[in-house]
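Let me begin by presenting the structure, written as structure tokens, before commenting on it.
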Amino acid sequence: MKLDAVENKAKPSEMPHSAAMPRHVAIIMDGNGRWAAERGLPRALGHRSGVEAVRRTVKAAIELSIPYLTLYSFSSENWSRPKDEIDDLMGLMKRFIRRDLAELHQNNVCVKVIGERETIDAEMRALIEETCELTRGNTGLTLVIAFNYGARAEITRAARRLAEEVAAGRLLPSELSAEHMAGALDTGGLPDPDVLIRTSGERRLSNFLLWQCAYTEFVFLDAYWPDFGRELLLEAISQYRTRERRFGGLPCLSTA
Ligand code: IPE
Ligand code: IPE
Ligand code: MG
């Protein structure tokens, strides 16, 4: 989708800055546990409210004609949490797919899932595969869910895949390029994120999209994820639109 098309869809009152809308928004959805703790609730209820925030955010992304939205839903390190919490998170993910898949499909959303597939349980794998298969041809929002995702593991898998190509004699070591690496990652074929949003006040990547965020703009918000929605998405986008992206070049100086 052309950026112009995106710009035309945004309401001028909501988009005060002249810089382009992001083509790809990635979000580290953090703070469910602290949101719950502040209310004296169990962490599980924070995660449940977090799913509502996911629904609001996907809806807003569709309305704003954002072409790509990537959500970090479960990291490869999150397995170190207590079993009860992991069970809650797995249950919520399965319920989200079962309950929302038809609506996402009706809304022309193409769902992709990145992360390690081999080690997750068979039911979850089947649900993920069904979701990706059903929505494969959709041409609206591409919703990328990072599940059982860790960037170091992703980069390692990509390196292994390319090493196999070399070992099989299909690729020379001297031919190996950044494009090969990018293409062998789970995100192969997707554009890099323009903006990465992290909620909850934490300011780190937590093993998310290490390769892909080389020139991504970071926006850190203090709000906890369950409070996220259209308004905070617009706030983050408006911060992004004030940034000058240089990609190692020089600032765009006025010639006047
Ligand atoms: C984000 O919220 C959800 C996942 C990491 C799965 P957290 O569960 O990390 O919430 P905090 O950071 O403990 O508040
Ligand atoms: C990152 O949040 C992972 C997800 C949002 C899925 P964490 O809460 O796991 O990150 P750390 O442990 O604070 O770095
Ligand atoms: Mg956290």
I need the calculated FRET efficiency for the pair GLU202 and GLU63, taking r as the beta carbon distance and R₀ as 25 Å, to the nearest 0.05.
0.35
Pick out, from MET90, ASN138, ALA61, the residue whose Cα sits farthest towards the positive end of the charge dipole of the chain, with +1 on the Cβ of Lys and Arg and -1 on the Cβ of Asp and Glu.
ALA61
Please list the three semi-axes, largest first and in whole Å, of the ellipsoid equivalent to the chain, using sqrt of 5 times the eigenvalues of its alpha carbon gyration tensor.
27, 27, 18
What are the residues whose amide H is under 5 Å from the amide H of GLU217, where those residues sit 5 or more places off or on another chain and H is modelled from the backbone?
VAL195, LEU196
Where nothing but the Cβ of Lys and Arg (+1) and of Asp and Glu (-1) is charged, how large is the charge dipole of region 151-240 around its Cα centre, in debye to the nearest 20?
360
If you take all C-alpha pairs in region 136-178, what percent of them are over 15 Å apart?
60
Calculate, for the chain, the solvent-accessible area per residue in square angstrom, rolling a 1.4 angstrom probe over the heavy atoms of the protein chains.
52
Could you give the nm distance between label points at ARG125 and LYS83, where each point is 7 Å from its Cα heading toward the beta carbon?
2.2
Keeping all protein chains in place and using 1.4 angstrom, which order do LYS94, LYS83 fall into by accessible surface area, from largest down?
LYS83, LYS94
Can you give me the P(r) profile for region 129-256? Cα pairs, bins 10 angstrom wide beginning at 0, each as a whole percent.
10, 29, 34, 20, 7, 1
Per-residue ellipticity at 222 nm for the chain, helices alone: DSSP H runs ≥ 4 residues times -39500 (n - 2.57), over residue total, nearest 500 deg cm²/dmol?
-13500 deg cm²/dmol
Of 239-252, 46-59, ordering from highest average Cβ density within 10 Å down gives 46-59, 239-252
So if the hydrodynamic radius of region 70-173 is defined as the Kirkwood radius over C-alpha pairs, what does Stokes-Einstein give as its diffusion coefficient at 20 °C and 1.002 mPa s, in µm² per second?
141
Charged-residue dipole, Cβ positions (Lys, Arg, Asp, Glu), region 60-107 about Cα centre, Debye nearest 20
160
Cβ crowding within 10 Å averaged over residues, with 222-231, 124-133, 192-201 ranked highest first:
192-201, 222-231, 124-133
Beta carbons within 10 angstrom, averaged per residue: use that to sort the peptides 141-150, 106-115, highest first.
141-150, 106-115
Cβ-Cβ FRET estimate between LEU250 and LEU45, R0 fixed at 45 Å, reported to 0.05:
0.35
What's the Kirkwood radius of region 161-225 in Å, using all Cα pairs?
14.0
Once normalised by the length of region 75-151, the mean sequence separation of its alpha carbon contacts under 8 Å that are 6 or more apart gives a contact order in percent of 44
Using a basic spin-label model with each label point 7 Å from the Cα along Cα→Cβ, how many nm lie between GLU175 and ALA20?
3.1
To the nearest 20 debye, what is the magnitude of the charge dipole of the chain about its Cα centre, counting +1 on the Cβ of each Lys and Arg and -1 on the Cβ of each Asp and Glu?
240
Above 17 angstrom, tally the Cα pairs of region 92-135 and express them as a % of all pairs, no decimals.
26
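The values are calculated or read from the model by the stated rules, or taken from the named source; none is laboratory data. Just so it is clear, the structure is predicted and the values come from calculations on it, not from any experiment. Every residue, glycine among them, receives a Cβ derived from its backbone with ideal geometry; neighbour counts consider all protein chains shown. Keep in mind that these areas ignore ligands, DNA and RNA; they rest on the heavy atoms of the full protein, side chains included. Shrake-Rupley method; radii C 1.70, N 1.55, O 1.52, S 1.80 Å.
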